[in-house]
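Reading through the structure tokens given below for one structure.
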Amino acid sequence: MTLFASQSQSNDRIYTVSSLNAQVRLILENEMGIVWLVGELSNFSMPVSGHWYFTLKDSRAQVKCAMFKGTNRHVSFKPGNGNQVLVKARLSIYEPRGDYQLIIESMQPEGDGRLQQQFEQLKMTLAAEGLFAQALKKPLPQQPQRVGIITSKTGAALHDILQVLKRRDPSLAVVIYPTMVQGDGAAISIAQAIGRANSRQECDILIVGRGGGSLEDLWAFNEEIVARTIAASQIPIVSAVGHEVDVTIADFVADMRAPTPSAAAELISRDSSAQTDKIAQKQQQLRHAIQFYFADKKQHVNQLKHRLDRQHPQLRLNQQQQHLDDITRRLQQIMLKKIQKQQQRITQNQYKLSLHSPQQRLQHNTTTLINTKRRLLDAMDRNLLNAQHKLSLSAEKLDTVSPLATLSRGYSITRNDKGDLIRRCDQVKAGDQLITTVTDGKIHTTVNNN
């Protein structure tokens, strides 16, 4: 047991991330094959490459999808976010990121798409069971005596059939089995009418059909119960549903398909030339056989195409294009971030430059000069006031020692005519002229004696 584990571990393969993603992609594409699914479109984008990238989601999950240019040009409507669609796709993986994704091969609006999908699925099922096989087709009677018509008794198809039969073969008896041909219960009504005609065994041939309409209008003739009832009929049945371009499951199961109700009446009625009718019948049989042949070959070609697509260089090219689109998107995001960063840096540098601008410095110096001038004037005013105050104090002090102030108190000053100050008596003699200064003037005196 230990030896087996050791050998197993030694044989384990070591993957690179790239090789693992490539291996997973091959497993998904080869094992899962084609899938059908319904969902809502979101995150829809269409880059210049022409490819479509979107997300398909429902209320609980989502999956990434890619639809390449060569395929999406066949889509018959313009898709957009919020559309409910039915898609045919194959599972894959986007190797560079390891993302699981769907490669879309077809897309339809959900309503029409669901009906078309049901049509294709039932067609494949019944074909696989052999209900379309040419060997099961019952030959039409050469000269029918009575024809049964299974359609709406009020529809235009009945009128057209009766008009053609009256014109071509008035002697041909007609039995009408009225039925619903549209809406709920129509398929069961058609099957019951076919069963009623078989149980009565009163007709040589049956025409089952209606006039033209949409796929939904004609849907009763695509129901499984109608197809199996036609296949089980003992009376040969000619399917005459819609216009020539309309194809239903009933057309594939019936013993003969007529492109229109009128053509069905032409086909089964006798004319002046029986040989012409026989040739027409053979042509219809041949056309019917060719349709089945091509349907079978088309299915085989689709299978081969699917196998080829998995190996086709276009697949790798599409993957590379998707990778290129992804890189382009990331590069754009990086460039946008770089541009935004450079713009921020330019804004910062402009702000820094504005801080060192000569205009800013001049404005700053002008403001400083004005403030300095104002402070200088304020200082000069203060110094002047201080000087004036000091001058007043000095004047007051000077006034206290001023001779005039002394004179005002009753003192006087005496000088001789030379101007000398007389302080003592021995400075004068008789006959000298003296000048005495008092507070309100001068007194001239002459010395009489000493």
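With an a/c value under 1.5 for the gyration tensor axes a ≥ b ≥ c computed over the alpha-carbon atoms, segment 130-273 is described as rounded.
With all protein chains kept in place, the per residue accessible area of segment 130-273 amounts to 43 square angstrom at a probe of 1.4 angstrom. Scaled against 2.2 N^0.38 Å for its residue count N, the alpha carbon radius of gyration of segment 17-111 is 1.07.
Please give the per residue accessible area of segment 17-111, computed with a probe of 1.4 Å over protein heavy atoms only, in Å².
On the way: 4990 Å² over 95 residues.
About 52 Å² of surface per residue is accessible.
Relative to the longest principal axis of the Cα atoms of the chain, the long axis of helix 110-129 lies at roughly 30 degrees. Placing +1 on each Lys and Arg Cβ and -1 on each Asp and Glu Cβ, with no other charges, gives segment 130-273 a dipole about its Cα centre of roughly 520 debye.
On C-alpha positions alone, give me the angle between the axis of helix 17-32 and the longest principal axis of the chain, in degrees, nearest 10. Its long axis makes an angle of about 30 degrees. Residues whose amide H comes within less than 5 Å of that of Glu105, counting only those at least five positions distant or on another chain, are Lys88, Ala89, Arg90 (H built at 1.01 Å from N in the peptide plane).
Using only the alpha carbon atoms of segment 241-362, find the Kirkwood hydrodynamic radius as the inverse mean reciprocal pair distance, in angstroms to one decimal. Write out the running numbers ahead of the final one.
On the way: mean 1/r = 0.0453 Å⁻¹.
Roughly 22.1 Å, rounded to one decimal.
Restricting the GluC sites (Glu not before Pro) of segment 140-238 to loop positions (DSSP other than H, G, I, E, B) with no more than 16 neighbouring Cβ atoms within 10 Å leaves Glu202, Glu216. Checking [x] 17, 31, 23, 15, 9, 4, 1, 0; [y] 23, 52, 23, 1; [z] 16, 25, 17, 9, 6, 6, 7, 6, 5, 2, 0 against P(r) over Cα pairs in 20 Å bins from 0, in percent calculated from these atoms, the matching label is [z].
Using the rule -39500 (n - 2.57) for each DSSP H run of four or more residues, divided by the residues of the chain, the 222 nm mean residue ellipticity is -17000 deg cm²/dmol.
Count the DSSP beta bridges whose two residues both fall in the chain, then state the antiparallel fraction as a percent rounded to the nearest 5. For the chain, the DSSP antiparallel bridge percentage is about 65. Cross-linked pairs Lys57/Lys78; Lys138/Lys297; Lys88/Lys338; Lys57/Lys305; Lys64/Lys337: Cα-Cα separations exceed 30 Å for Lys88/Lys338.
About the Cα centre of segment 17-111, what is the dipole size in debye to 20, counting +1 per Lys and Arg Cβ and -1 per Asp and Glu Cβ, all else neutral? Intermediate values should be presented prior to the final figure.
Details: 10 positive and 8 negative charges, 44 e Å.
My answer is approximately 220 debye.
Can you give me the Rg/Rh ratio for segment 104-172, using Cα atoms for both radii and the Kirkwood formula for Rh?
On the way: Rg = 19.0 Å, Rh = 16.3 Å.
Dividing the radius of gyration by the Kirkwood radius yields 1.16.
Summarising the amide proton neighbourhood of Gly209: residues at separation of 5 or more, or on other chains, whose placed amide H is nearer than 5 Å comprise Ile150, Ala240. Within the listed set Leu136, Leu377, Leu353, the Gaussian network model of the chain (springs between alpha-carbon atoms below 10 Å) gives the highest mean-square fluctuation for Leu377.
Percent of accessible area on the chain owned by carbon and sulfur, 1.4 Å probe? Please report the intermediate quantities before stating the final value.
Details: 15720 of 28990 Å².
Percent of accessible area from carbon and sulfur atoms in the chain: 54.
Which is farthest toward the positive dipole end of segment 234-375 among Gln342, Ile279, Asn365, measuring Cα position about the Cα centre, with Cβ charges +1 (Lys, Arg) and -1 (Asp, Glu)? Towards the positive end, the residue furthest out is Asn365.
Name the chymotrypsin sites (Phe, Trp or Tyr not before Pro) in segment 4-93 that are in a loop by DSSP and that have at most 14 other C-beta atoms within 10 Å, would you?
Numbers: sites: Phe4, Tyr15, Trp36, Phe44, Trp52, Tyr53, Phe54, Phe68, Phe77; in loops: Tyr15, Phe68, Phe77.
Sites meeting the loop and neighbour criteria: Tyr15, Phe77.
Relative contact order of the chain, taken over Cα pairs closer than 8 Å and 6 or more residues apart, is 9 percent. Just to be sure I follow the definition: excluding the sites themselves, where is the longest run in the chain that has none of the trypsin sites (Lys or Arg not before Pro) in a DSSP loop with at most 15 other Cβ atoms within 10 Å? Longest run free of exposed loop sites: 271-408. Taking amide H as placed 1.01 Å from N in the peptide plane, Ala173 has its amide H under 5 Å from the amide H of Val147, each at least 5 places away in sequence or on another chain.
The values are calculated or read from the model by the stated rules, or taken from the named source; none is laboratory data. These numbers were taken from a predicted model, which means no experiment stands behind them. FYI the Cβ positions are ideal-geometry reconstructions off the backbone, even for glycines, and counts take in every protein chain you see. Protein only, heavy atoms only, side chains kept; ligands, DNA and RNA dropped before computing areas. Shrake-Rupley method; radii C 1.70, N 1.55, O 1.52, S 1.80 Å.
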